[in-house]
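Each remark here refers to the structure printed beneath this line.
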Amino acid sequence: MKIFLKAIFFLLLICFVVAFNNQQLSLPHLFFISLVFFFFPLFLVNIWLVPGGLAWRNPDLNPSKIPGPAGWPFLGILPKMGSHAHRKLASMSSSMGATRLMAFSLGSNRVVITSHPETAKEILCGSSFSDRPIKESASLLMFERAIGFAPSGKYWRHLRRIAANHMFSPKRVLRLECVRQGVCDEMMEKMWKEMSVRGVVELRGILQKGSLRNVIESVFGSGLGLEIEEELGLMVKEGYELISEFYWGDYFPIISSSWVLDFSGVKRRCHKLSLKVKRVVGQVINEERSRLIETVNVINGSRNDYLSVLLSLPQEDQLTHADMVAVLWEMIFRGTDTVSILLEWIMARMVLHQDIQAKAQDEIEKVVGPNRIVQDSDIPNLAYVEAIVKEVLRLHPPGPLLSWARLSTHDVQLGKFFVPAGTTAMVNMWAITHDPSIWNNPWDFKPERFTEEDFPIMGSDLRLAPFGAGRRVCPGKSLGLATVNLWFARLLQQYKWLPVPSTKVDLSECLKLSLELKRPLKCLVVARS
């Protein structure tokens, strides 16, 4: 194949030289040039038009039998990967009869995607897809040394052990309830003030700031200082923009390896932001380390923030300063948007479905009563409130595609299909949660489906696994879910949520880093007596 390509190239070169040499061409010469220019495009089309596209055309591999679209030459299906990529991929998989596994190309990257829970379990829970592909921007922002993207190996297992035993243990999550309650008080006060001044509440900004405040206090403790909190907020916002931005180098290695070809400036901006992260987060770590020398508070366990946990680890478990910066930065970055985006979806559904809102409020009154606020310990008894959260996670999964990417570390057989090493594997959770063969009336908002059956959502059942599954399951899933459940219950307990008169609730969605409402939710809040 490679020799044939070289031969075609030299034939074309000869044709160009002859054609532009200002000499009279004989009829045989013209016929020869015509043949070359006719067959060469056909040859290129033959290379490109294979199931899955150009990235799957590899002479060193057995021909892949995985069905999939050829896409565009060189680009694959990149032009279709926009703000509704999850829907387009679901439609392609269904139309091609490739629900279990479909192959496609993203530039030079080989990709497979499944829209079936059984194949999803093979990918997420098996050992063959234990790594995650990492974008150039995420690598430059130090996520390669954090829990989510660190490559499989001793260091990654060490991080997971620290996360499970020290940072996200049930006891640690419970101890942080006071932080969640305090931030919720602040958010509700801002909502009421905005309603009083403007006559309408736009939730997105309040939820984003509240989520950021919650994660910063959980990571660093209280008393960090307003100036540093604001700087961290700006850094998180810039990081979202950089990772969400399309970068050609993620799909064509020749661009990724060159700073000169960084036309959009993504690499330069990521490098600049990473220096700022190292300075700000590193400064907080150094200050806390100095305090630790002077006090025994951390050792005695009076501090529950994650920085104190990391600094108080036994010597053999200690992280280097650089790795600690990466781990804490990732926690701030990833812990901010998911909670706020999910809560905005939940409240949009409550404004739209007044009957379901009233039913949940009745449950809260019966379980909690009128004289105290909802606490973490009440949540297991609020079955309908939990069912609403699960139903929103089913209809609007925050990470329908990007959060699910895995990378095959070696050749693997998925069912009857051969998948070579180095292939990116995705799970289209949105397609699974909207599949009528799996869910009855999947487009209906019906929380009752989760009260009729005790349905786990932590990764054991791949019909709905919003936090992932297997070795790469989200380590902070319990903390995130505890925050959403508590804040949602308290918002329902305190206020009645109503639509703005003459305005419909817009559920249009947009896939960025997460699947979010395309337009911020605006609604009315009325105090409940």
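The numbers here are math on the coordinates, done by the rules we state, and not lab data. Since we're looking at a predicted model, the values are computed, not measured. Cβ placement follows ideal geometry from the backbone for every residue including glycine, while neighbour counts extend to all protein chains displayed.
Remarks
- Expressed as a fraction of 2.2 N^0.38 Å, the value expected for a compact globular protein of N residues, the C-alpha radius of gyration of the stretch 92-172 is 1.40.
- Unit Cα scatterers, Debye sum, the chain: log10 I(q)/I(0) for q = 0.06, 0.11, 0.13 Å⁻¹: -0.35, -1.03, -1.37
- Relative contact order of the stretch 282-411, pairs being alpha-carbon contacts under 8 Å that are 6 or more residues apart, as %: 18
- Extents of the stretch 314-400, taken as max minus min of Cα coordinates on every principal axis and listed largest first, are 52, 32, 17 Å.
- Across the stretch 264-278, computed HN-Hα scalar couplings (Karplus, 6.51 cos²θ - 1.76 cosθ + 1.60, θ = phi - 60°) run 7, x, 4, 5, 5, 5, 5, 4, 5, 5, 4, 5, 5, 4, 4 Hz from first to last residue, x flagging Gly and Pro.
- Comparing Leu319, Phe104, Pro370 along the charge dipole axis of the chain, the residue lying farthest to the positive side is Phe104, per the Cβ-charge model.
- Sorted fewest first by neighbouring Cβ atoms within 10 angstrom, Cys270, Cys510 come out as Cys510, Cys270.
- Alpha-carbon radius of gyration plus Dmax, which is the widest Cα pair, for the stretch 68-113 in Å: 9.8, 25
- Rounded to the nearest 20 debye, the dipole size of the chain about its Cα centre is 960 debye, using +1 on the Cβ of Lys and Arg and -1 on the Cβ of Asp and Glu.
- For the pair Cys125 and Met96, the difference between a 0.36 nm per residue extended length and the Cα-Cα distance amounts to 7.8 nm.
- Sites Lys65 and Ser460 - FRET efficiency at Förster radius 41 Å, r taken between beta-carbons, to 0.05: 0.85
- Of all aspartates and glutamates in the structure, those lying under 17 Å Cα to Cα from Lys65, and not within fewer than 8 positions of it along the same chain, are Asp411.
- Label positions at Ala358 and Glu177, each projected 7 Å from the Cα along the C-beta direction, are separated by 3.1 nm.
- Packing-based exposure ordering (other Cβ within 10 Å, fewest first) of Leu226, Leu342: Leu226, Leu342
- Full extension of the chain between Leu313 and Ser264 gives 13.5 nm of extra length, using 0.36 nm per residue less the Cα-Cα distance.
- Helical runs (DSSP H, four residues minimum) scored at -39500 (n - 2.57) apiece and divided by the length of the chain put the mean residue ellipticity at 222 nm at -16000 deg cm²/dmol.
- Candidates Leu524, Trp487, Pro420 compared by Cα position along the dipole of the stretch 389-529: farthest toward the positive end lies Leu524, with charges placed on Cβ.
- Inter-part distance, the stretch 395-452 to the stretch 115-186, computed on C-alpha centroids, equals 18 Å.
- Shape metrics for the stretch 406-529, restricted to C-alpha atoms - Rg then Dmax, Å: 19.1, 62
- When the alpha carbon gyration tensor of the stretch 383-437 is reduced to an equivalent ellipsoid, the three semi-axes, largest first, read 31, 13, 9 Å.
- When the C-alpha to C-alpha distance is required to be over 30 Å, the pairs from Lys135/Lys518; Lys390/Lys496; Lys190/Lys278; Lys477/Lys522 that qualify are Lys190/Lys278.
- Enclosed volume per residue, in Å³, of the convex hull spanned by Cα atoms of the stretch 120-222: 169
- Sequence of Thr433, Thr99 once ranked by neighbouring C-beta atoms within 10 Å, starting from the fewest: Thr99, Thr433
- The stretch 353-457 has equivalent-ellipsoid semi-axes of 38, 16, 11 Å, by the square roots of 5 times the alpha carbon gyration tensor eigenvalues, sorted largest first.
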